[in-house]
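Enquirer: My questions all concern the structure below.
Derivation of every value follows stated rules applied to the coordinates shown; laboratory data play no part. Note that the structure is predicted; figures quoted are calculated from it, not measured. Positions of Cβ are generated from backbone atoms using ideal geometry, with glycine treated the same way; all protein chains shown enter the neighbour counts.
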Amino acid sequence: MNGADVAWRIIRSLTDFWTGRSVALLLPGLDGGARGVIEDLERHGATVSVVVTATRPAADAPRVPHVWDCSAHGGPLSRRQFERWVHDPGPEVAAWLDDVDPARELVVLGNQYASITAFCGRTAHGRRRPEWGQWEDKVRVERLWRATGVASPDHVVGPPGDSALRAAAAHLFGEWGVVVARDSSRGFWGGSRGLTWVRHPADLNTCLDGLRDLADRVRIAGFVPGVPCSVIGLVLRDGVAVFDPIEIVTLCDPERSELLFCGTSTWWRPDDGIARDIREAARRAGERLAAVVGFRGMFSVDGIVSGGRFLATELNPRLSGGLGLAEAWPELSENLLHRGAQEALPGVHDADPQLIEEAVRSAIRRVPSLDVVVPLPGGDVVELPHVRPRAGDGLVAPAVVAAVTARTLVSAAVEPVPPAVC
């Protein structure tokens, strides 16, 4: 059996599980972005008949027969409020759901952060265990890097109000300043949220004073020039599959001291040695998560390639974007693959990790893709679907810089994360 055979066996197992099932989605927002998961479920034989959403559905939202809109029942909820609310939604929504689904046959599917086992008496599929989620903490994860021998940027950790921390951070300032990350004591901060770029030592106290009520601890790390990147892995029963590194397209706006996360690209081709080091770091992290907290499913390790080294910065023990599987192999849903691994679904959880790694890496290399959206001041965004990767290493950030400066979309000073010898 080769990698493609294993992948098609997974697809058949997912189809066997979902065929004929009616699904209720729990979504912080119902918009065009929900179309992908609905199409995935329908492709595998399920029907999405119910959506429970925190806010009013958007104009481009896919049509679903039954929608509970929290904004029409006491007001819209933030993502974090919604995640708490689904644990105890109350009798009104339970009664409504019983009218819609009197036999209680719905299978409930939450987002990648959902940790519930049931919703209004109906089984929830693919939940994230709380002990898994704690490793998304941008400060706590340093313990995992130390335990696995994975390098991370030079840093100090402590309470934001600690004068000793502020003094210890002084040596970390270089030409590009430092990056301050808050912990998850007041809620999780995925991706670039929870990060602050501080360019000058005189501004550090102001930054830390502003974080006193937002975090118990912070990590202050020297700004590392290089290529921001990520790598996605999949923990299965018999080991960890690790796919190819992905460019995280990130721009710097020095005028505003902002880091602009613009999307991801699978066109990047780092040197073989660097790619091997990135993938090895992810494999160690996945093995550690499995051994310590019984983790299953997809995860990602983010970091920077700088000076010929990979330095890990954070871990996302959940489904993350950027793999490019939807474009390369739409029949193999990474969302449902992740949920199947979480639930130890036969035919998924017991798949050969080396062979699925081989199949996915080959498919994405055949059909590389990118998803680039530049955030603008004021909350608007602009899509750049036609940017092209640089010849040779395949990096996309330089082309994005050229596009945004040509249109004066952000500011004349916008630039990629400053390059290093990679």
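Enquirer: Run through region 213-268 and list the GluC sites (Glu not before Pro) located in a DSSP loop whose Cβ has at most 15 other Cβ atoms within 10 Å. Please report the intermediate quantities before stating the final value.
Expert: Details: sites: E247, E255, E258; in loops: E255.
Of the GluC sites (Glu not before Pro), the ones in loops of region 213-268 whose Cβ has at most 15 other Cβ atoms within 10 Å are E255.
Enquirer: Now for a separate question. Taking every pair of distinct Cα atoms and averaging 1/r, then inverting, what Kirkwood hydrodynamic radius in Å comes out for the chain?
Expert: Numbers: mean 1/r = 0.0442 Å⁻¹.
The Cα-based Kirkwood calculation yields 22.6 Å.
Enquirer: Another question, then. What does the extension gain come out to for A147 and V367, with contour length at 0.36 nm per residue minus their alpha carbon separation?
Expert: Numbers: separation 220, 0.36 × 220 = 79.20 nm, distance 3.58 nm.
Answer, rounded to one decimal: 75.6 nm.
Enquirer: Could you give the alpha-carbon Rg of region 17-127 over 2.2 N^0.38 Å, rounded to two decimals?
Expert: Working: Rg = 12.8 Å, N = 111, 2.2 N^0.38 = 13.2 Å.
After normalising by residue count via 2.2 N^0.38 Å, the value is 0.97.
Enquirer: Once you have a ≥ b ≥ c as the square roots of the Cα gyration tensor eigenvalues for region 37-76, tell me rounded if a/c is under 1.5, and otherwise prolate or oblate according to whether a/b is larger than b/c.
Expert: Numbers: a/c = 3.15, a/b = 2.26, b/c = 1.40.
Since a/c reaches 1.5 and a/b is larger than b/c, the shape of region 37-76 is classed as prolate.
Enquirer: To continue, here is another question. Per residue of region 367-372, in order, report the coupling 6.51 cos²θ - 1.76 cosθ + 1.60 (Karplus, θ = phi - 60°) as ³J(HN,Hα) in whole Hz, putting x for Gly and Pro.
Expert: With the stated coefficients, region 367-372 comes to 10, x, 8, 8, 9, 10 Hz.
Enquirer: Also, quick follow-up: Rounded to the nearest Å, what's the spacing between the alpha carbon centres of region 368-382 and region 197-241? Just the number, please.
Expert: 21
Enquirer: Still on this model: Find which of V231, G378, I278 sits farthest along the positive direction of the dipole of the chain, computed with +1 on the beta-carbon of Lys and Arg, -1 on that of Asp and Glu, about the Cα centre.
Expert: Of the candidates, I278 comes out farthest on the positive side.
Enquirer: Any idea what the dipole of the chain comes to, in debye rounded to 20, about its Cα centre with Lys/Arg Cβ at +1 and Asp/Glu Cβ at -1? Write down the numbers at each step before the final one.
Expert: Details: 45 positive and 53 negative charges, 103 e Å.
For the chain, the charge dipole is close to 500 debye.
Enquirer: Can you run the Rg to Rh ratio on region 154-223? Use alpha carbon positions and the Kirkwood inverse-distance Rh.
Expert: Numbers: Rg = 10.9 Å, Rh = 11.8 Å.
Over the Cα atoms of region 154-223, Rg/Rh equals 0.93.
Enquirer: So what is the orientation-averaged projected area of region 291-345, using the convex hull of its C-alpha atoms, in nm²? List each step's numbers first, then the result.
Expert: Working: hull surface 21.0 nm².
Averaged projected area of region 291-345's Cα convex hull equals 5.2 nm².
Enquirer: Separate question: Could you order peptides 213-221, 159-167 by the average number of other Cβ atoms within 10 Å of their residues, highest first?
Expert: Numbers: 213-221: 20.8, 159-167: 14.8.
The peptides rank, most packed first, as 213-221, 159-167.
Enquirer: Among the helices of the chain (complete DSSP H runs), which have Cα atoms covering no less than 30 Å along the helix axis and a Kyte-Doolittle mean of at least -1.0? Write down the numbers at each step before the final one.
Expert: Values: long enough: 272-293 (31 Å, -0.24).
TM-like helix candidates: 272-293.
Enquirer: Rounded to the nearest 20 debye, what is the charge dipole size of region 154-223 about its Cα centre when +1 sits on each Lys and Arg Cβ and -1 on each Asp and Glu Cβ? Mind dumping the intermediate values first?
Expert: On the way: 8 positive and 8 negative charges, 33 e Å.
Roughly 160 debye, rounded to the nearest 20.
Enquirer: Go ahead and estimate [θ] at 222 nm for the chain from helices alone: -39,500 (n - 2.57) per DSSP H run with n ≥ 4, summed, over the residue count, rounded to 500. List each step's numbers first, then the result.
Expert: Numbers: 13 runs with 126 residues, N = 422.
When only DSSP H runs of four or more count, the value is -8500 deg cm²/dmol.
Enquirer: Sort out for me the Cα centre separation of region 164-178 from region 1-43, rounded to whole Å.
Expert: Their Cα centres are 47 Å away from one another.
Enquirer: So if we plug the beta-carbon distance of A72 and A391 into 1/(1 + (r/R0)^6) with R0 = 60 Å, what FRET efficiency do we get, rounded to 0.05? Present the calculation step by step, with values, prior to reporting the outcome.
Expert: Working: r = 52 Å, r/R0 = 0.87.
After rounding, the FRET efficiency stands at 0.70.
Enquirer: When a/c is below 1.5 the answer is rounded, else prolate if a/b is larger than b/c, else oblate, so apply that to region 79-121 with a ≥ b ≥ c taken from the square roots of the Cα gyration tensor eigenvalues.
Expert: oblate
Enquirer: Could you state the number of Å between the C-alpha centres of region 87-114 and region 270-299?
Expert: 35
Enquirer: Semi-axes, largest first, in whole Å: what does sqrt of 5 times each Cα gyration tensor eigenvalue give for region 4-68? Intermediate results must be reported in sequence, preceding the final value.
Expert: Working: eigenvalues 135, 29, 14 Å².
Calculated on Cα positions only, the semi-axes equal 26, 12, 8 Å.
Enquirer: Sticking with this one: Can you compute the FRET efficiency between R129 and D272 using 1/(1 + (r/R0)^6), with r the Cβ-Cβ distance and R0 = 41 Å? Round to the nearest 0.05.
Expert: 0.70
Enquirer: Defining a contact as two alpha carbons under 8 Å apart and six or more residues distant in sequence, what relative contact order in percent does the chain show?
Expert: 16
Enquirer: Then there's this: Along the charge dipole of the chain, which of A103, F261, V348 sits closest to the positive end, that is, farthest toward it, with unit charges on the beta carbon of Lys, Arg, Asp and Glu (+1, +1, -1, -1)?
Expert: Result: V348, furthest along the dipole toward the positive end.
Enquirer: Projecting each Cα onto the charge dipole of region 154-223 (Lys/Arg +1, Asp/Glu -1 at the beta carbon, about the Cα centre), which of T206, G161, S185 comes out farthest on the positive side?
Expert: S185
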